[in-house]
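See structure below.
The values are calculated or read from the model by the stated rules, or taken from the named source; none is laboratory data. The structure presented is a predicted model; accordingly, all values stated were derived computationally and were not measured. Cβ: placed from backbone, ideal geometry, glycine included. Neighbour counts: every protein chain shown.
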Amino acid sequence: MTAPQDLPEPVVGSPGATPPDLLGEGELPKLLGDCVHCGFCLPTCPTYVLWGEEMDSPRGRIHLMQQHAEGTPLSGPMVEHFDRCLGCMACVTACPSGVQYDRLIELTRAEVEREHPRPLRERLVREAIFKLFPYPARLRALRGPLRAYQKTGLDRLVRRSGVLDRLSPSLAAMERLAPPLGRAPRLPERVAARGERRATVGMLTGCVQREFFPGVNAATARVLAMEGCDVIIPKSQGCCGALSLHSGRDEEARDFARRTIVAFEAVDVIVVNAAGCGSAMKEYARLLADDPTWAGRAEALSVKTKDLAEFLVDIGPRAERRPVPATVAYHDACHLAHAQGVRSQPRALLTGIPELTVREISDPEVCCGSAGTYNLLQPEAAAELGDRKALSVRATEAELLVAANPGCSMQITTALARQGTRIAVAHTAEVLDASLRGLGAGPLLRRSS
């Protein structure tokens, strides 16, 4: 595997790379014209559901985009409406006209990042987020102090004092969302298949997933191995660029994408267990389409990227499923259900486990409020959405919540705790792992204690 420092030229800003069409130049007007303002998107838009404001709906934001395309400068209120969008893509699923709102908001956010001067405090918060979360080594350095902070009980004291809320709502949200940290086992570069090998796959470990939810990655590797896969885990991998891509930081996203391509080019299939990461990697073909050096390589990587549930259903079960006697509620992560269209596969995997009962959450198309960095940058709106989702989860009376994205797990766990409820939360991979290893429901359910 090629190390990140060996990344071939051209890289960002090099003369061999054609600058991408950030302004749309012909694409944007066409995409804007697709919207017929029918309103089918309204019931699925989280911010419209919360506030009932037209400018905080997809068609309202498209109206603002049209104004800007016709020459109206970006103003503070206009940018605020764009910032309030979660980018959950529920409207894309609901739209009967095929409006590519995901592309529209992506182009618009890139424009905002280039043109709109944000207040100093906001700039500092954003830079802190993007200098930390896409870098696993920096997150790893944070683990020790954060574990000590949690173990001493200082976290409870700080929350009761409200000092962080007064200092910075974003910083307070970041502190509340941090999951309890235990040991973080490191995976080897190769995990051998059990029995006859059926496939060789690369595995993305992610950033937040790797450092805050290492058990999910360990379970993913074990499940793939028990299903007959050699699992390759390149040490050279880093951030896939999802947070940058979905926040309008296109050049940064392209740099991360190129490095990810280099890390995984040698494998035939890449399995991803975080919804936002899988969605971003499947977008590489478009992200690097205007770069003649990287376009073909990006398309090849996008084609071979699979969500874990998608891949396991494709190859079919081989390992024996043992009982997990529990009732679970399955949460649809937006970047899995809407962006990747992966809905039935996780449910199929869960219902294939003996004695496991799967219950549906009401309004599954409405986002939980995580949305990448949204719950850090828009903490009040995110908390409202988290509370709605937590109430829907509680209504299922399930013992275990199953989600396929680390942000969703942190967001819903925090909202449940705010309501005085503790429900165990696990990834689909962890439930499968418990079944294939014959562990039963105990290790999963004890997480709520």
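Within the stretch 355-392, the set of residues being in contact (Cβ under 8 Å) with a residue 60 or more places away in the chain and assigned to a loop (DSSP other than H, G, I, E, B) comprises E365, V366, C367, G369, A371, G372, T373, Q378. R183 - would you say it is modelled with pLDDT under 85 and either exposed (fewer than 15 other Cβ atoms within 10 Å of the Cβ) or of a type in the set (F, W, Y) (or both)? It is true that R183 is modelled with pLDDT under 85 and either exposed (fewer than 15 other Cβ atoms within 10 Å of the Cβ) or of a type in the set (F, W, Y) (or both). Listed by first and then second residue, the pairs linking a residue in the stretch 421-449 that is on the phi < 0 side of the Ramachandran plot and modelled with pLDDT of 95 or more to a residue that is surrounded by fewer than 23 Cβ atoms within 10 Å (Cβ to Cβ) and basic (K, R), with Cβ atoms under 6 Å apart and 6 or more places separating them unless they lie on different chains, are D433/R222; S435/R321; S435/R322.
Assess whether L350 counts as being within 19 Å of the chain's Cα centre (by Cα) and either part of a helix (DSSP H, G or I) or under 30 Å from T260 (Cα atoms) (or both). Judged against the criteria, L350 is not a match. Kindly evaluate H246 against the criterion of being under 14 Å from the mean Cα position of the chain (by Cα) and closer than 30 Å to L445 by Cα. No; evaluated as a whole, the condition is false for this residue. Determine the pairs where a residue that is under 19 Å from G87 (Cα atoms), located within the stretch 104-126, has a partner that is among the aromatic types (F, W, Y) with Cβ atoms under 8 Å apart, the partner being 6 or more residues away or on another chain. From the stretch 104-126, the pairs are I105/F82; T108/F82; R109/F82; V112/F82. Scanning the stretch 315-342 for residues that are surrounded by fewer than 19 Cβ atoms within 10 Å (Cβ to Cβ) and touching a strand residue (DSSP E or B) at 6+ places or on another chain (Cβ under 7 Å) returns I315, T327. Of the set (1) touching a helix residue (DSSP H, G or I) at 6+ places or on another chain (Cβ under 7 Å); (2) part of a loop (DSSP other than H, G, I, E, B); (3) within 27 Å of E227 (Cα to Cα), all apply to V328 but (2). State which residue is farthest from R194 (Cα to Cα) when the search covers only the stretch 309-325 and only residues that are part of a helix (DSSP H, G or I) and not aliphatic (A, V, I, L, M). Selected residue: E310.
Looking at the stretch 366-378, can you tell me whether even one residue there is surrounded by fewer than 18 Cβ atoms within 10 Å (Cβ to Cβ) and under 21 Å from the mean Cα position of the chain (by Cα)? Among the residues of the stretch 366-378, not one is surrounded by fewer than 18 Cβ atoms within 10 Å (Cβ to Cβ) and under 21 Å from the mean Cα position of the chain (by Cα), which makes the answer no.
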